[in-house]
Each structure stands twice: as C-alpha cells, then as structure tokens.
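Asker: The structure's right below; bear with me while I get my questions together.
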Amino acid sequence: MITRALRHPSFVVGLAITLLVVLVAVIAAFWTPHDATAMRISARLRPPSATNWFGTDQFGRDVLSMLMMGARNALLVGVVAVGIGLSIGVALGMVAATREGSLLDEAIMRICDFTFAFPAVLTAILILTFLGPGLVNAIIAIGIFNIPVFARIARGAALQVMARDYIRAARAAGRTTFGILYRHVLPNITGILIVQASVQFALAILAEAGLSYLGIGTQPPNPSWGRMLNDSQTFLSQASYLAIFPGAAIALAVLGFNLLGDGLRDVLDPKSKER
Amino acid sequence: MSPVLEARDLCKSYALPRGTLLERQRRLQAVKNVSLRVEAGETLGIVGESGSGKSTLARLLMALEKPDSGQLLWQGEDLTALTAAELRARRHGIQMVFQDPYGSLDPRMRILDTVAEPLDMTEPGLSREDRRARVADILERVGLNPEVLARYPHQFSGGQRQRIAIARALITRPRILVADEPASALDVSIQAQILNLLADLKLEFGLAMVFISHDLGIVRYLSDRMMVMQHGVVVEEGETERVFTAPSHDYTRALIAAMPRLFEEEDHGAQRL
C-alpha cells in the first residue's frame, strides 16, 4: 500500500505540503527569526529584505515570524476542531447505526440534517456572537460543525460494515455491541474517516482564517493568517506583500490537506484493496 | 433422547420498503411456523431454492435475530426469553459457518484474533501462550499450517478462508454447528474438501449439525434427516433416504427430478417447478 501511495501524485504533493506546514509549526514552537509580537515602529512596512525575509508590517513586526506562529495557530484549530468532530460525530454515527431505524437514530440524523441546513461559517459567527470572540470559542464553533459531517459518514460506513457476516460471527461468538463497534466496525471505517478528516482539516483552517479575518477568531496579539489578511487591507497599495504572504499560506495549507485527502481516498479505496 | 436444539413454530417477517409514503406497509413472511429438532451428533439437512427462507432460519437458530413468534430451545432453555447478557453467555455452544468466506472474516483482523474471538469471550483470562496454542491446535485440525497466525484474510484463498471460519466456529467446542451453504461460494474442486472436512470434524467433535444447502446431492451425502423448505414453510421432512426414495410432496419430487445426473440421457421426465 505504501509503494502505491508514493506513486500517487496528489498524495505525494499533498503529503509534502502538509509536512511542510507541520514542520514550520513545530519549528515555530521553539524558534522564529524574530519575536512574532515585538513591535519596532522604526522598522515599519519594510519590504522583504535579508533581515526580514517577508518584510515587516505596519507595527514593524516580522511577517515571516508571524506566518510561522500563524501556522501553529492554524494547525491547533484544525487538530482540535476536527478532533471534536471526529470523537463526538463518530460515536453518534455508530450509535445511530446500531439502532438503525429507531427513534434515537432518527433524532440524531435529523439534528445533523438541521445543522447542515445552515451555512457553517455563518452559524459559527452566530455562535461566536453568543460565546464572545476568541480562539477557543472559534475552535468550539468550528468543531460543532464537524460533528454532523462525521456522524453521517460514520453511520453510513458502519451500516455497510455491520451487514457483513463477520459481524454476525462476532455476535455469535458472544461479543457485546460495544465490543463489535470497537473491534470490528471502527477499524473497518478508519480509512473513510481519515480521508474525511483531512478534508475537514482544510475546511477548519479556512474557517478559522475567515473568522479571524472578521475579527472574531484569534485575538491580538496572537498571530493568525486571517487577521494578517485583514490588517494588510489598509496598506494594500503600499505593501502588497502583507496580503500576498498570509494569503499564500492559507491557500497552500488548504491545498495541501485537500490533495492529501484526495490521495488518501484513492489509496485507501476499498475497491482496490491490494496491500 | 432430548434434542440439543429445538425450534417451535418460529415465524419471522420483514417489512418491505414502501413504494410511496401513503402505501400500506407490506411484510415478507420469510419463515412461517417452522419447527425442528436436532439430536446430539445428528445432521439435519435443510434444502430449498434461494428465497425459501433457509438463511433466515439459520439466523433464527443462531439467535442472531429475534423471531416474531415461536420458541428456540437450547438444551431445554428458551433462548428467545433470555436477556442479552444471558444469551451471550450461552452462545459458544452454537456456532456458525457462513456461505461467503470473503465476508465472514474481518479483513482488518489477524487470523489469530479472528479464530480466538469466541475463545476470548468464554475464557478471557487465558494467557497469551495458551491462547495461541489453542488457536494453533484448532487450525491444525482444520488442515491449516499454524504459521498463518499473524496473517490477514486477504492472503488466503476461498477454501483456506472457509477452513479458518470453521476453526473459529469450533474453537469453543460447540455442541452444534449451523452451516449455511458452507461450500457453495467455493470452486467445485475445493467444495468436496470442505464438505469432507466438515463430515470428519462432525465425528471427531461429536457435533450436531444443521446443514443448509440448495444442493440436494450434498445434503443427501451429509445429513441423517432432512427438511425441504418452500416460501418459508417446511413442506417435507424425514429420514434423508426416505425423502429421496419416497418423496411425499410435489415440490420435493420436482427438486429431486431437477438434480443434475451424470451419465444419463437428457431427463425428459423432469417435472417443472
């Protein structure tokens, strides 16, 4: 499977970009070229140079350092928001699948449909107006919207798996419903969930950037790609690089995770199960 | 002699999907008033064409599905009246071999864990070495090299997979084995191997067996008594040889007449179903 994956172009490119973003975020945890929040008014709006590779912003902060810290921020949002969606969503989806057709199943799935009916970012804005702006609340708002996505996918995939004879054999062996879900269903739907997780990861990064752009996501002085974009608007004619670099960072990260998801979908496709 | 497994008037129906929202809910009666007894060490053959309710009956006998009505007596105890936990505790005595060896083994589970699954439920405290030894032992009995323990199902052929499934079914030493068309998904050359293996294991383990098939030749070869099912109903039952030599129901006669025969001229006398 690994050799097949490494021959898949979008998987390789997606993985490379993703690893780059992760690497940058990890480095940023220990080291950035400059302090990402240190202002130097004397050095404001400097174009890219040897000391400030990506230039400085209107407060003289180093753009590269801010981008690196922004990568950390984006990954944090992605990991936690997708984590919330995965853990709660998959649990709900699998429970719904074991009780297919029951009132509980109907209730879970109709609530999912209900949340699907609203545009995710718009409702995230609504949630943030109630909870108040901030990174943690933004993560919660994005996480909530990941729950129905995973619930629906987990339910559908679990239903397929649960129709197989090995599930009957497990029941005949005396396994409990929970044991069957944990030992048989979950391992067999992991591939689908991983694919969806990488797509949701990209969407989470985009959503955080959008919310921060609107000023209700990550709060200053913590760097966020979305807020950097917003800040750059005023100086677009003088210092266009202020918009280009965070914009490119968002595009690159989202592209990376999407390509990775596409690649994984092909590699993990159950229809070509040669390992 | 008291039967190992006895079914009394089992009925099972399924809701058919509605064509339109306002259409009346229709139900398919898959199994209707089926009663049967399986004595210790005896093989009961069940024949019928596809859709006759054989597989539903198998799942009912395994208590994998709840009947709409009727009783399922396992050593005198009604399994349909038990709680889920009580039922689980009795499951190791009745095991099953499924038709499709590609669907009955979890593709993500090693052979060791697959075969040990029923054992893990009955003897959870078993040490790793003992567990491994028990699995290796049963694999040898079904004709597989115990070196296969760490492999995954996709590395095996259909016949080998069915041997693995049989090993899993027998590891807890059940008293009865329900075999739902265990050979029909296999190559003809492999079918005989698996059927002979089942016949041998039946003697070795003193198993009672419910053998479900659409193939009358196989049922005749393996079973002591047989039942013929049509549209969810048992139309004939009796000693296997008696049913073959003197069938009393038209459907049975038609089935027997439709059996392929070697070295015979075209059978113009075959009755139509």
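The values are calculated or read from the model by the stated rules, or taken from the named source; none is laboratory data. Owing to the predicted nature of the structure, the values given are computational and were not obtained by experimental measurement. Cβ placement follows ideal geometry from the backbone for every residue including glycine, while neighbour counts extend to all protein chains displayed. For accessibility, only protein heavy atoms count, side chains too; no ligands or nucleic acids. Shrake-Rupley method; radii C 1.70, N 1.55, O 1.52, S 1.80 Å.
Asker: What is the angle, in °, between the Cα long axis of helix B:158-170 and the longest principal axis of the Cα atoms in chain B? Nearest 10 is fine, range 0 to 90.
Answerer: Relative to chain B, helix B:158-170 is tipped by roughly 80 degrees.
Asker: Still on this model: Considering Cα pairs under 8 angstrom that are at least six residues apart, work out the relative contact order of chain B and quote it in whole percent. Could you put the intermediate results ahead of the total?
Answerer: Numbers: 496 pairs, mean separation 66.9, N = 273.
Reported relative contact order: 25 percent.
Asker: For residue B:49 paired with residue A:237, estimate the spin-label separation in nm (one decimal), with each label point 7 Å from Cα along the Cα-to-Cβ line.
Answerer: 8.5
Asker: May I have the convex hull volume per residue, in Å³, for the Cα set of region A:1-82?
Answerer: Details: hull volume 10.6 nm³, N = 82.
Value for region A:1-82: 130 Å³ per residue.
Asker: Take the Cβ-Cβ distance between residue B:110 and residue A:91 as r, set R0 to 35 Å, and report the resulting FRET efficiency rounded to the nearest 0.05. Numbers along the way, then the final one.
Answerer: On the way: r = 26 Å, r/R0 = 0.74.
The calculated FRET efficiency here is 0.85.
Asker: Using the alpha-carbon atoms, what tilt in degrees (0 to 90, nearest 10) does helix A:9-30 show relative to the longest principal axis of chain A?
Answerer: For A:9-30 against chain A, the angle is about 60 degrees.
Asker: Please report how far the C-alpha centroid of region B:195-214 lies from that of region B:153-182, rounded to the nearest whole angstrom.
Answerer: 11
Asker: Using the Cα atoms of region B:93-170, I'd like the radius of gyration and the largest Cα-Cα distance, Dmax, both in angstrom.
Answerer: 11.5, 32
Asker: Hey, another quick one. If you take the Cα Rg of region A:182-240 and divide it by 2.2 N^0.38 Å, with N the number of residues, what do you get? Could the numbers behind the result be given before it?
Answerer: Working: Rg = 17.9 Å, N = 59, 2.2 N^0.38 = 10.4 Å.
In units of the globular-protein estimate, region A:182-240 measures up at 1.72.
Asker: Turning to a different aspect of this structure: On the first, second and third principal axes, largest extent first, how far apart are the outermost C-alpha atoms of region A:128-175 in Å?
Answerer: Ordered largest first, region A:128-175 gives principal extents of 52, 19, 14 Å.
Asker: Once the Cβ-Cβ distance between residue B:188 and residue A:22 is put in as r, and R0 is 60 Å, what FRET efficiency do you end up with, to the nearest 0.05? Don't skip to the end; give the middle numbers.
Answerer: Values: r = 54 Å, r/R0 = 0.91.
Approximately 0.65, to the nearest 0.05.
Asker: To one decimal place, what Kirkwood hydrodynamic radius in Å is obtained for chain A from all pairs of distinct Cα atoms? Present the calculation step by step, with values, prior to reporting the outcome.
Answerer: Details: mean 1/r = 0.0489 Å⁻¹.
Averaging 1/r across every pair of different Cα atoms and inverting gives 20.4 Å.
Asker: Roughly what would the spin-label model give for residue A:182 and residue B:151, points 7 Å off Cα along C-beta, in nm?
Answerer: Here the modelled spin labels are 3.0 nm apart.
Asker: Would region A:157-210 count as rounded, prolate or oblate if I go by the C-alpha gyration tensor, calling it rounded below 1.5 in a/c and otherwise prolate when a/b exceeds b/c, oblate otherwise? If you can, show how the numbers build up before the last one.
Answerer: Details: a/c = 4.90, a/b = 3.39, b/c = 1.45.
Taking the square roots of the gyration eigenvalues as a ≥ b ≥ c, region A:157-210 is prolate.
Asker: Hey, what's the Cα Rg ratio for region B:39-230 versus the globular rule of thumb, 2.2 N^0.38 Å? Spell out each step's value before the answer.
Answerer: Numbers: Rg = 16.3 Å, N = 192, 2.2 N^0.38 = 16.2 Å.
Scaled against compact globular proteins, the figure is 1.00.
Asker: For the protein assembly as shown, count all C-alpha to C-alpha pairs, find those more than 41 Å apart, and express that count as a whole percent of the total. Could you put the intermediate results ahead of the total?
Answerer: Working: 63201 of 149878 pairs.
Every Cα pair in the protein assembly as shown considered, those over 41 Å come to 42 percent.
Asker: Which value, in Å² and to the nearest 10, is the accessible area of residue B:245 when all protein chains are kept and the probe is 1.4 Å?
Answerer: Roughly 100 Å² of residue B:245 is accessible to a 1.4 Å probe.
Asker: May I pose another question? Enter the angle in degrees (range 0 to 90, nearest 10) between the Cα long axis of helix B:111-122 and the first principal axis of the Cα atoms of chain B, meaning the one along which they spread out most.
Answerer: Roughly 90 degrees between the two axes.
Asker: How much length is gained on full extension from residue B:200 to residue B:214, taking 0.36 nm per residue of separation minus their Cα-Cα distance?
Answerer: Numbers: separation 14, 0.36 × 14 = 5.04 nm, distance 2.14 nm.
Additional length available on full extension: 2.9 nm.
Asker: Suppose only helical runs count, i.e. DSSP H with n ≥ 4. What mean residue ellipticity at 222 nm does that imply for the protein assembly as shown under -39500 (n - 2.57) per run, divided by all residues and rounded to the nearest 500 deg cm²/dmol?
Answerer: On the way: 20 runs with 286 residues, N = 548.
Counting only the DSSP helices, I get -17000 deg cm²/dmol.
Asker: To continue, here is another question. On the principal axes of its Cα set, how long, how wide and how thick is region A:208-272? Give whole Å, largest value first.
Answerer: That works out to 52, 24, 15 Å along the principal axes.
Asker: Something else: At what distance in angstrom do the alpha carbon centres of region A:47-99 and region B:137-152 lie from each other?
Answerer: Centre-to-centre (Cα) distance: 49 Å.
Asker: At residue A:37 and residue A:194, where each label point lies 7 Å from the Cα along Cα→Cβ, what is the point-to-point distance in nanometres?
Answerer: Simple spin-label model gives 3.7 nm for this pair.
Asker: Jot down the per residue volume, in cubic angstrom and as a whole number, of the convex hull over the alpha-carbon atoms of region B:116-245.
Answerer: Details: hull volume 16.5 nm³, N = 130.
Enclosed volume per residue, from the Cα hull, is 127 Å³.
Asker: Then there's this: Among B:16, B:33, B:53, which residue has its Cα positioned farthest towards the positive end of the charge dipole of chain B, with +1 placed on the Cβ of Lys and Arg, -1 on the Cβ of Asp and Glu, and the dipole taken about the Cα centre?
Answerer: B:16
Asker: When the scattering of region A:85-232 is computed by the Debye formula from its Cα atoms alone, each counted once and equally, what is log10 I(q)/I(0) at q = 0.11 Å⁻¹?
Answerer: -0.51
Asker: Given the peptides B:132-141, A:200-209, B:188-197, arrange them by the average over their residues of other C-beta atoms within 10 Å, most packed first. Show your work: numbers first, answer last.
Answerer: Values: B:132-141: 17.7, A:200-209: 25.9, B:188-197: 15.4.
Order by mean packing, descending: A:200-209, B:132-141, B:188-197.
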